[in-house]
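S.K.: Before anything else, here's the structure in question.
The values are calculated or read from the model by the stated rules, or taken from the named source; none is laboratory data. Since the structure is predicted, the reported quantities are computational estimates derived from the model, not experimental observations. Please note: Cβ atoms are built from the backbone with ideal geometry, for glycine as well, and neighbour counts cover all protein chains shown. Calculation scope for accessible area: heavy atoms of the full protein, side chains included, ligands and nucleic acids excluded. Shrake-Rupley method; radii C 1.70, N 1.55, O 1.52, S 1.80 Å.
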Amino acid sequence: MIDNIDKKYEPKNVEEKVYKMWNEKGFFHAEVNNEKESFTMVIPPPNITGQLHMGHALDNTLQDILARYKRMRGFEVLWLPGTDHASIATEAKIVEAMAKEKLTKEEIGREAFLKRAWEWKEFYGGRIIDQLKKLGSSCDWERERFTMDEGLSEAVKKVFINLYEKDLIYRGERIINWCPKCLTSISDAEVEYEEKNGNLWSVKYHIKDSNEFITVATTRPETMLGDTAIAVNPTDDKYKNLIGKYAILPIVGREIPIIADDYVEKDFGTGAVKITPAHDPNDFEVGLRHNLEQIKVMNDNATMNEFAGKYKGFDRYIARKEIIKDLEKLNLLTEIKVHKHNVGTCYRCSTVIEPIISKQWFVKMKPLAKPAIDIVKNGELKFLPERFSKIYFSWMENIQDWCISRQLWWGHRIPAYYCMDCKKIIVKNNFPDKCDDCGSKNIKQDEDTLDTWFSSALWPFSTLGWPEKTKDLEYFYPTDVLVTGYDIIFFWVARMIFSGIEHMNEKPFKHVFVHGLVRDEQGRKMSKSLGNGIDPLDVIEKYGTDSLRFSLTKGIATGNDLRYSDKKVESSRNFANKLWNASRFVLMNFDENISIDNINIDRLNLADKWILRRLNIIIQEVTDNMEKFELGIALEKLYEFTWDEFCDWYIELVKTRLYDKDNDLRAEALYVLNYTLKNIMKLIHPFMPFITEEIYSHLIHDDKSIMISSWPEINSSFNFEKEEKDMLKIMEVIKAVRNIRAEMNVPFSKRAKVFIITKNKKDNDIFIEGKIFIEKLGYAMEVNVLNEKNSININNMASAIISDSEIFIPLEDLIDIDKEIERIMKEKKNLEKELKRVDGKLSNENFIKKAPQKVINEEKEKQKKYKNMYNKLLERVRSLNI
RNA sequence: GGAGGAUUAGCUCAGAUGGUUAGAGUGCUCGCUUGACAUGCGAGAGGUCACUGGUUCGAUUCCAGUAUUCUCCACCA
């Protein structure tokens, strides 16, 4: 017996306490356990600079739901947490912080910089972890990893060396995406395209030894300083005679050849293209085909270099203006058009990317992509929803080599060493003593670090001890589900897949469970620049974690974006409160003097049997939904079952019995209440872990915690099919009575008599059994079940017709005959519509011939029912002289 | 240029291997301090399931096309 429980649920009084308890009892921890099947997930490691946002909240809520569900289903669940060093993002923040002290990286040097970075990591790395805990995440914190942990760094080196030895990593000079602000190369995936208004300038180039000109169009005139050819299409008659001749590069005066290449489209622009192999990826390819010189005209910070002649030192955009001015003076500018085009920008700092030729390390992608495509094609690894595999394929099938070197300090330093004497490249685990070839000791390590994603690609196995052959790997790998937003399929998911296959010879996970973005109330992306982000921690503070989790998961469709709204959280909070109060009701009625241990099923009443049967069905359905990852549907069903069926019906139905201290079926009622509520708590626990734990701890059971209790199963002795149907009939009567009363404006305090007329013997018995419920929920002073209505005067009664029965309520002076007529006519119209539909169907020969018998029978049943009701209605119409 | 979503109640969204009187939350209307809960209870109004075809006995659901809209990928200088 519990009293003095607050009327309102206060998450703050519960969440911290409960989380601490779980943690201290070691419920989050997973160990190799050969008696159980494993279920493994690795967290998408948040950046150490990161702060929890709604995306994290959704992502981790989904993972936690799966983890808790599987744990209850008896799996050894490992949800492995950790953080990512996020090279560019973190380095940028540290540089920014140093700028406030008027310091630069170069001034303090690599070693001191890294010291600062590690301090940063210590300080901020823990913050996001604490925030994940606030979400209720049941991660195994004893296994927390960081992408630059010693073990993970070993894995990175090992992978680099493996790939290098297999010739899948190479160093070469190619066009890469250069960010002039971050001062590093970035991969293709890290470039974001933005549509911008620019100009298309047409520039005349003089043909050598002639008075002719050739006109080219360009969006980036500043790169012309690095032109080393002009290209035309070989089949283009306009320019055929010019192929092989030379043009004079304006301003610079250099002679450049006019070449023919298929790459040029005859119909675009002038049909002639300036070729700048050092500053454009397409031009680079053309350059290779024609053996053209590559002239880089910019510095790393996007200012012009010495090859830019008089523009040296100018920023690229200033240089552009100056060049345009000079071309105008020279009369070589023939046209300026406004031109909308996509400009590549850095995904971290939004600076316009400069394609630039540079010596970098690359991963050869084609051979790695092939098996990674196959494994999804053959269904061994599944995307959920399936449509995301198409996105994956299109990326994987068109993949370019991956530029993995970064000109950053924070990250895994590339394990490549250069002999300064004989120039040999040595790729090795440790700093070599001497050069293998010439024996020189004059050796330097590559200055660059690796792309952050290079290490996170290994996350599913590096975190489990690879390259060591650990028991953990054997037991927990491959992982089961990877939960992530669709926005990082390319960055991360795809790279984990080919890495897993290449290094483990096994997929990294069986399912990729993809979710959408959390948008703001108006459907916009939440972003810093818009300032429309909602801090999940604020929401938790105000409404509690369970409410936040609930609002992010109820009714969502896999892979679709969803909108955050305060209204939704509020209604979730109301649901939590509902759970709280339903439990309060149950607990308040617990009676120390009544044992619910040995309940005889035969003594359960109709309502008991109905709710137990409904619970069985819900258990089955929700379990099916969970297995299919239909979390949103599962939760929706639980919401409705709990609120509508359990609270609004069962609890109301049980009250009469419970309040009657002499009733000898109170034990049965308490048993059913405890049993149902207990199972509801279990079913909801994965979604709302805190409140369910708190409530569960007060209920009667033998578990230490709901978290480690077992998932509900159907109780086959509770499959009361008949009673379920009977109860539905009684509920139908109750609804009809309430409807009449509401429409007739009968005040609550005014009890009325209810007459139920049915010729059907079975129904008769059911209603007699249900009298007590109809009285209570239909606010009736007396319920009479009759075979004939002859014995009562129905003229002053309001009525309703439900299938085989009629209901009459004498309202005496309260009856409003016009309203009654209105009600009846409305019902008549409705029935006519339905009858017409069902008659039409059943009189259709083809329907009878071709539809399945089951459907036909169902329709016939309906027809019978409607006809019956309709006849009674006509009788009623006649009797009222309408 | 290519691909993929979305389009269902005023708003935000679910939904069904094709057959239900198409659902929820929220908002709205009416009535309620009903011995858990006003963060509540009861009743109600509100939908041509974007449009046009096709398949089918039957389509809101499957197929094709159209429109509107969002997103991703590629990129022609």
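S.K.: Dividing the alpha-carbon Rg of the stretch A:192-252 by 2.2 N^0.38 Å yields what?
M.R.: Values: Rg = 13.6 Å, N = 61, 2.2 N^0.38 = 10.5 Å.
Compactness ratio reported: 1.30.
S.K.: Considering the stretch A:786-844, what Rg and Dmax in Å follow from its alpha-carbon atoms?
M.R.: Considering the stretch A:786-844 through its Cα atoms, Rg and Dmax are 14.7, 49 Å.
S.K.: Can you tell me how much longer the chain between A:ILE817 and A:ILE425 gets when fully stretched, taken as 0.36 nm per residue apart minus their C-alpha distance, in nm with one decimal? Don't skip to the end; give the middle numbers.
M.R.: Details: separation 392, 0.36 × 392 = 141.12 nm, distance 10.00 nm.
Here the segment from A:ILE817 to A:ILE425 would lengthen by 131.1 nm.
S.K.: Using a Förster distance of 60 Å, how high is the FRET efficiency between A:LEU842 and A:GLU713, based on the Cβ-Cβ distance and rounded to 0.05? Don't skip to the answer; put the middle values down first.
M.R.: Details: r = 41 Å, r/R0 = 0.69.
Efficiency at R0 = 60 Å is approximately 0.90.
S.K.: Oh, and also: To the nearest 20 debye, what charge dipole does chain A have about its Cα centre, counting +1 at the Cβ of each Lys and Arg and -1 at the Cβ of each Asp and Glu? Don't jump to the answer; show the numbers that get you there.
M.R.: On the way: 134 positive and 141 negative charges, 351 e Å.
Using Cβ point charges on Lys, Arg, Asp and Glu, chain A gives about 1680 debye.
S.K.: Determine how many Å³ per residue the convex hull of the Cα atoms of the stretch A:731-870 encloses. Don't jump to the answer; show the numbers that get you there.
M.R.: Values: hull volume 15.9 nm³, N = 140.
Taking only Cα atoms, the stretch A:731-870 has a hull volume of 114 Å³ per residue.
S.K.: Still on this model: Tilt of helix A:566-589 relative to the longest C-alpha principal axis of chain A, in degrees (0 to 90, nearest 10)?
M.R.: 40
S.K.: Over the C-alpha atoms of the stretch A:396-504, what are the Rg and the largest Cα-to-Cα span, Dmax, in Å?
M.R.: Using the Cα atoms of the stretch A:396-504, the pair Rg, Dmax is 17.4, 51 Å.
S.K.: I want to check the label-to-label distance for A:GLU306 and A:GLU721. Put each point 7 Å from Cα in the C-beta direction and report it in nm to one decimal.
M.R.: The two pseudo-label positions are separated by 9.2 nm.
S.K.: Then there's this: Regarding the stretch A:526-590, what whole-number volume in Å³ per residue does the convex hull of its Cα atoms give?
M.R.: Numbers: hull volume 6.2 nm³, N = 65.
So the per-residue Cα hull volume is 95 Å³.
S.K.: Another question about this same structure. I need the Debye-formula profile for chain A: one equal scatterer per C-alpha, no solvent, reported as log10 I(q)/I(0) at q = 0.06, 0.07, 0.10 1/Å, two decimals.
M.R.: Computed log10 I(q)/I(0) values: -0.61, -0.76, -1.14.
S.K.: Note down the nm distance, to one decimal, between modelled labels 7 Å out along Cα→Cβ at A:GLU832 and at A:GLU474.
M.R.: About 7.9 nm, to one decimal.
S.K.: When ranked by the protection proxy of mean other Cβ atoms within 10 Å per residue, highest first, what sequence do the peptides A:700-707, A:509-516, A:60-67 form? Write down the numbers at each step before the final one.
M.R.: Working: A:700-707: 15.0, A:509-516: 21.4, A:60-67: 25.4.
Sorting A:700-707, A:509-516, A:60-67 by mean packing, highest first, produces A:60-67, A:509-516, A:700-707.
S.K.: Keeping the other protein chains in place, figure out the carbon and sulfur percent of the accessible area of the stretch A:244-353, with a 1.4 Å probe.
M.R.: Values: 2790 of 5860 Å².
The computed percentage sits at 48.
S.K.: Percent of Cα-Cα pairs more than 18 Å apart in the stretch A:135-230, please.
M.R.: Details: 3446 of 4560 pairs.
Taking all Cα-Cα pairs of the stretch A:135-230, the fraction more than 18 Å apart is 76 percent.
S.K.: Given R₀ = 41 Å, FRET efficiency for A:LYS864-A:ASP648 by Cβ-Cβ distance, to 0.05? Don't jump to the answer; show the numbers that get you there.
M.R.: Working: r = 31 Å, r/R0 = 0.75.
So the FRET efficiency works out to roughly 0.85.
S.K.: If you don't mind, another one. About the Cα centre, and with charges only on the beta carbon of Lys, Arg (+1) and Asp, Glu (-1), how big is the dipole of the stretch A:708-749? Nearest 20 debye, please.
M.R.: Computed charge dipole of the stretch A:708-749: roughly 260 debye.
S.K.: Strictly over 23 Å apart at the Cα level, which of A:LYS771/A:LYS819; A:LYS761/A:LYS867; A:LYS759/A:LYS841 would you flag in this model?
M.R.: Working: A:LYS771/A:LYS819 27 Å; A:LYS761/A:LYS867 20 Å; A:LYS759/A:LYS841 29 Å.
Over 23 Å apart, Cα to Cα: A:LYS771/A:LYS819; A:LYS759/A:LYS841.
S.K.: Using helices alone, what [θ] at 222 nm do you get for chain A, with -39,500 (n - 2.57) per DSSP H run of 4 or more residues, divided over all residues and rounded to the nearest 500?
M.R.: Working: 26 runs with 363 residues, N = 882.
Computed mean residue ellipticity for chain A: -13500 deg cm²/dmol.
S.K.: Once the cut-off is 18 Å, how many percent of the Cα-Cα pairs in the stretch A:1-156 end up in the long-distance tail?
M.R.: Numbers: 8047 of 12090 pairs.
In whole percent, the long-distance tail amounts to 67.
S.K.: Quantify how much of the Cα-Cα distance distribution of the stretch A:66-147 extends past 16 Å, in percent.
M.R.: Numbers: 2038 of 3321 pairs.
Looking at the stretch A:66-147, the distances longer than 16 Å represent 61 percent of pairs.
S.K.: Hey, what angle do you get for helix A:721-743 against the long axis of chain A, alpha-carbon based, 0 to 90 degrees rounded to 10?
M.R.: The helix A:721-743 is inclined about 80 degrees to chain A.
S.K.: Sort largest first and round to whole Å: the equivalent ellipsoid semi-axes of the stretch A:442-502, each the square root of five times a Cα gyration tensor eigenvalue.
M.R.: Values: eigenvalues 120, 73, 12 Å².
For the stretch A:442-502, the semi-axes come out at 25, 19, 8 Å.
S.K.: If you stretched the chain out fully between A:LYS525 and A:VAL191, how much longer would it get, using 0.36 nm times the residue separation minus the C-alpha to C-alpha distance? If you can, show how the numbers build up before the last one.
M.R.: Numbers: separation 334, 0.36 × 334 = 120.24 nm, distance 1.89 nm.
Once the chain is fully extended between A:LYS525 and A:VAL191, it gains 118.4 nm.
S.K.: For the stretch A:435-563, how big is Rg over Rh, using alpha carbon atoms and the Kirkwood form of Rh?
M.R.: Numbers: Rg = 21.0 Å, Rh = 18.4 Å.
In the stretch A:435-563, Rg relative to Rh is 1.15.
S.K.: Still on this structure, I have one more. Find how many whole Å separate the alpha carbon centroid of the stretch A:746-812 from the alpha carbon centroid of the stretch A:341-410.
M.R.: The two parts, judged by their Cα centres, are 71 Å apart.
S.K.: Taking a probe of 1.4 Å, how large is the accessible area per residue of the stretch A:541-641, in Å²? Display every interim value, and only then the final one.
M.R.: Details: 4100 Å² over 101 residues.
Counting only protein heavy atoms, the per-residue value for the stretch A:541-641 is 41 Å².
S.K.: Same structure again: Could you give the nm distance between label points at A:LYS266 and A:PHE393, where each point is 7 Å from its Cα heading toward the beta carbon?
M.R.: For the pair A:LYS266/A:PHE393, the computed spacing is 3.5 nm.
S.K.: Right, something else. Starting from the Kirkwood Rh over alpha-carbon pairs, what translational D in µm² s⁻¹ does the stretch A:605-758 have by Stokes-Einstein at 25 °C and 0.890 mPa s?
M.R.: Details: Rh = 17.3 Å.
In µm²/s, the coefficient is 142.
S.K.: Over the Cα atoms of the stretch A:114-188, what is the Rg over Rh ratio if Rh follows Kirkwood? Each step should come with its number before you reach the end.
M.R.: On the way: Rg = 17.7 Å, Rh = 16.2 Å.
Using only Cα positions, Rg/Rh for the stretch A:114-188 is 1.09.
S.K.: Shifting gears a bit: What does a probe at A:GLU592 reach in the stretch A:695-709, counting residues whose amide N is under 18 Å from the point 7 Å along Cα→Cβ?
M.R.: Output list for this probe position: A:698-701.
S.K.: Sticking with this structure for a sec: Nearest 20 debye, what's the magnitude of the dipole of the stretch A:134-244 about its Cα centre given +1 on Lys and Arg Cβ and -1 on Asp and Glu Cβ?
M.R.: Details: 15 positive and 20 negative charges, 55 e Å.
Value, rounded to 20: 260 debye.
S.K.: Hey, another quick one. With the full set of protein chains in place, find how many percent of the accessible area of the stretch A:494-564 is carbon and sulfur; take the probe as 1.4 Å. Could you put the intermediate results ahead of the total?
M.R.: Values: 1230 of 2850 Å².
C and S atoms contribute 43 percent here.
S.K.: Need one number for the stretch A:698-794: average projected area of the convex hull over its C-alpha atoms, nm².
M.R.: Values: hull surface 39.9 nm².
For the Cα atoms of the stretch A:698-794, the hull's average projected area reads 10.0 nm².
S.K.: Could you please state, rounded to a whole Å, how far the C-alpha centre of the stretch A:301-329 is from the C-alpha centre of the stretch A:11-80?
M.R.: 56
S.K.: Here is a follow-up. What whole-number distance in Å separates the alpha-carbon centres of the stretch A:593-635 and the stretch A:115-158?
M.R.: Value for the Cα centre distance between the two parts: 42 Å.
S.K.: To continue, here is another question. How big is the shadow of the Cα convex hull of the stretch A:327-419, averaged over all directions, in nm²?
M.R.: Values: hull surface 50.9 nm².
With every direction weighted equally, the projected area is 12.7 nm².
S.K.: Taking 37 °C and 0.692 mPa s as the conditions, I'd like the Stokes-Einstein D for the stretch A:532-672 in µm²/s, using the Kirkwood hydrodynamic radius from alpha carbon pairs. Before the final figure, lay out the partial values.
M.R.: Details: Rh = 17.2 Å.
Using the Kirkwood radius from Cα pairs, D works out to 191 µm²/s.
S.K.: Under a Cβ-Cβ cut-off of 15 Å, what is the net charge of the residues other than A:ASN532 that fall near it, where Lys and Arg count +1 and Asp and Glu count -1? Write out the running numbers ahead of the final one.
M.R.: Values: positive: A:ARG519, A:ARG524, A:LYS525, A:LYS528, A:ARG563; negative: A:ASP520, A:GLU521, A:ASP535, A:ASP538, A:ASP561, A:ASP566.
Surrounding charge for A:ASN532 is -1.
S.K.: Right, something else. Once Rh for the stretch A:278-347 is found with the Kirkwood sum over Cα pairs, what is the Stokes-Einstein diffusion coefficient at 20 °C and 1.002 mPa s, in µm²/s? If you can, show how the numbers build up before the last one.
M.R.: Numbers: Rh = 14.3 Å.
Answer from the Stokes-Einstein relation: 150 µm²/s.
S.K.: Set Lys and Arg Cβ to +1 and Asp and Glu Cβ to -1, take the dipole of chain A about its Cα centre, and tell me which of A:VAL191, A:SER405, A:THR90 lies farthest positive.
M.R.: The Cα lying farthest towards the positive end belongs to A:VAL191.
S.K.: Okay, next question. Can you give the direction-averaged projected area of the convex hull of the alpha-carbon atoms in the stretch A:810-882, in nm²? Working shown, then result.
M.R.: Values: hull surface 22.7 nm².
Average of the hull's projected areas for the stretch A:810-882 equals 5.7 nm².
S.K.: Take the solvent-accessible surface of the protein heavy atoms, probe 1.4 Å, and return the percent of it on the stretch A:794-882 that carbon and sulfur atoms account for. Display every interim value, and only then the final one.
M.R.: Numbers: 2720 of 5440 Å².
After summing per-atom areas, the C and S share lands at 50 percent.
S.K.: Sort the stretch A:605-652 into rounded, prolate or oblate with this rule: let a ≥ b ≥ c be the square roots of the eigenvalues of the Cα gyration tensor; rounded if a/c is under 1.5, and if a/c is not under 1.5, prolate when a/b is larger than b/c, oblate otherwise.
M.R.: Values: a/c = 5.76, a/b = 1.85, b/c = 3.11.
Oblate, because a/c is 1.5 or more while a/b does not exceed b/c.
S.K.: Give, in nm to one decimal, the length gained when the segment between A:THR235 and A:GLU150 is fully stretched (0.36 nm per residue of separation minus the Cα-Cα distance).
M.R.: On the way: separation 85, 0.36 × 85 = 30.60 nm, distance 5.91 nm.
Gain in length upon complete extension: 24.7 nm.
S.K.: Just to compare against my own numbers: the Cα pair-distance distribution for the stretch A:758-812, 10 Å bins, whole % per bin, please.
M.R.: 22, 59, 19, 0
S.K.: In the neighborhood of A:GLU621, defined by Cβ-to-Cβ distances under 14 Å, what is the net charge if each Lys or Arg adds +1 and each Asp or Glu adds -1?
M.R.: On the way: positive: A:ARG613, A:ARG614, A:LYS628, A:LYS637; negative: A:ASP624, A:GLU627, A:GLU630, A:GLU636, A:GLU640, A:GLU645, A:GLU713.
Summing Lys/Arg as +1 and Asp/Glu as -1 gives -3.
S.K.: Now for a separate question. What are the residues whose amide H is under 5 Å from the amide H of A:HIS511, where those residues sit 5 or more places off or on another chain and H is modelled from the backbone?
M.R.: Here A:LYS382, A:VAL481, A:LEU482 satisfy the definition.
S.K.: In chain A, if the dipole is taken from +1 on Lys/Arg beta carbons and -1 on Asp/Glu beta carbons about the Cα centre, which of A:ASN593, A:ASN793, A:ASN305 is farthest to the positive end?
M.R.: Of A:ASN593, A:ASN793, A:ASN305, it is A:ASN793.
S.K.: Using C-alpha positions alone, give me the convex hull volume of the stretch A:231-325 per residue in cubic angstrom.
M.R.: Working: hull volume 10.5 nm³, N = 95.
Roughly 111 Å³ of hull volume per residue.
S.K.: Another question, then. Where does helix A:150-165 land angle-wise versus the long Cα axis of chain A, in degrees 0 to 90, nearest 10?
M.R.: 60
S.K.: Cα-based Rg (one decimal) and Dmax (whole number) for the stretch A:397-458, in Å?
M.R.: Taking only Cα atoms of the stretch A:397-458, I get Rg and Dmax of 13.9, 44 Å.
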